[in-house]
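Presented below is the structure to which this report refers.
Quick note: the coordinates plus some simple rules give every number you see, no bench work behind them. Just so you know, these numbers come straight off a predicted model, no measurement behind them. Neighbour counts run over all protein chains shown; Cβ positions are idealised from the backbone, glycine included.
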Amino acid sequence: MNAYLFLVIALVLNAAANLLIKYAAIAREGSGSPPAAGLAGLVQTYVSVPFVLGVLCFGLNLLAYTQALKKLPISAAYPIMVSVGYLMILAVSWFLFHERMAPPRYIGAGFMLLGLWLLVR
């Protein structure tokens, strides 16, 4: 399989893992039942389906990223994975979690896109 395909799979899995874990961390707030305090609250978060799926996505991300690194230089693969993953999370969190972006974030995202363009040229 193409190394860039493994890299795309890795960055999608990484973004999905982060989003699932964020969802697991805040899911109890909107459930109507009061969140448990202390250790019980942590256990409720860590044994939830979104959290476990997030951890699984991180593990699969590691496998795909390792395959990508067999053929790609890390000096290109890592910035692509982190930058594109950040941009994906930025967009999805705006829709799912209603996180708003301030103008400096738009500018930063634009610089990231410019940097990626320069990197892959």
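Observations on the model:
- Full extension of the segment from Val55 to Arg100, taken as 0.36 nm per residue of separation minus the current Cα-Cα distance, would add 13.6 nm.
- For mean projected area of the Cα convex hull in nm², calculated from these coordinates, the label among (i) 9.1; (ii) 7.0; (iii) 11.1: (i)
- Pairwise FRET efficiency - Ala91 versus Asn2, Cβ, R0 = 25 Å, nearest 0.05: 0.50
- The chain: angle of helix 3-26 to the longest principal axis, Cα-based, in degrees nearest 10: 20 degrees
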